[in-house]
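One structure is given here, and the rest of the page talks about it.
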Amino acid sequence: VGSNNNPLVTFTNGYVPNKVVLEGRTALQGKKTLTGRDMKAKEFKFELSAITTGAPMPTSVANGVATAENAGEGAESAFSFEAITFTKTGEYLYNITEKAMGKGGVTYDTTNYVAKVVVTDEGYDGQLDAVVTYYKDNGEAALEFNNSYKADSVGLILGLTKRLNGRDLNKDEFTFAI
């Protein structure tokens with residue numbers, strides 16, 4: 001109890017844990033597979049948008065959407081989104097889809113994945129922690145987009161004329177093979 005001679009002293013402690021950054025091997029990332037031909041680096045694009053209002057996003061965002069591209073060449077390639085920084089605990093949900101680029105002969109994967117990022121302060125040790133889980137069709141799943149390639153068929157119409165010199169041509173007298 002304080003008085004004029006002995007004022008009440010109040011101590012206020014603050015606690016702010018260190019942020020957690022999803023980047024590098026902890027980034028939101030997945031795998032791209034293309035059957036029918038090899039893919040080129042940066043040929044396919046993926047989009048990330050927040051479901052949870054106010055969820056942190058990568059720094060490069062246009063109209064609320066962050067993009068990533070396949071990194072490598074060949075039948076399989078990894079992709080990952082830029083770093084996302086979390087400064088408070090909570091559960092954050094994101095949509096991840098593949099952007100159909102309209103490449104001839106490619107059938108695009110239309111799967112919509114949900115990434116759930118759970119940020120905690122386990123043990124109040126001053127460091128936030130994050131765990132990422134991917135879902136599709138209401139079940140846990142690996143983040144993998146599978147496309148296929150089949151060359152578009154080409155129609156070809158041939159016109160042929162047979163001429164015979166020295167006599168008249170009889171119907172069905174000759175056959176032709178191509």
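Odds and ends about this structure:
- Just one residue in the set 107, 175 is open to solvent by 60 Å² or more (accessible area, probe 1.4 Å) and either within 28 Å of residue 24 (Cβ to Cβ) or within 23 Å of the chain's Cα centre (by Cα) (or both); that residue is 107.
- Residue, farthest from residue 70 (Cα to Cα), within region 113-144, restricted to residues that are charged (D, E, K, R), touching a strand residue (DSSP E or B) at 6+ places or on another chain (Cβ under 8 Å) and open to solvent by 40 Å² or more (accessible area, probe 1.4 Å): 122
- Here no strands (runs of 3 or more DSSP E) wholly within region 57-96 include at least 1 residues being in contact with a His (Cβ under 7 Å, 6 or more places away or on another chain).
- Residue check for residue 128: of a type outside the set (Gly, Ala, Ser) and farther than 20 Å from residue 89 by Cβ: no
- Some residue of region 149-165 being outside any loop (DSSP other than H, G, I, E, B) and either free of Cβ contacts under 8 Å to residues at least 40 places away in the same chain or on the phi < 0 side of the Ramachandran plot (or both): yes
The values are calculated or read from the model by the stated rules, or taken from the named source; none is laboratory data. Owing to the predicted nature of the structure, the values given are computational and were not obtained by experimental measurement. Positions of Cβ are generated from backbone atoms using ideal geometry, with glycine treated the same way; all protein chains shown enter the neighbour counts. For accessibility, only protein heavy atoms count, side chains too; no ligands or nucleic acids. Shrake-Rupley method; radii C 1.70, N 1.55, O 1.52, S 1.80 Å.
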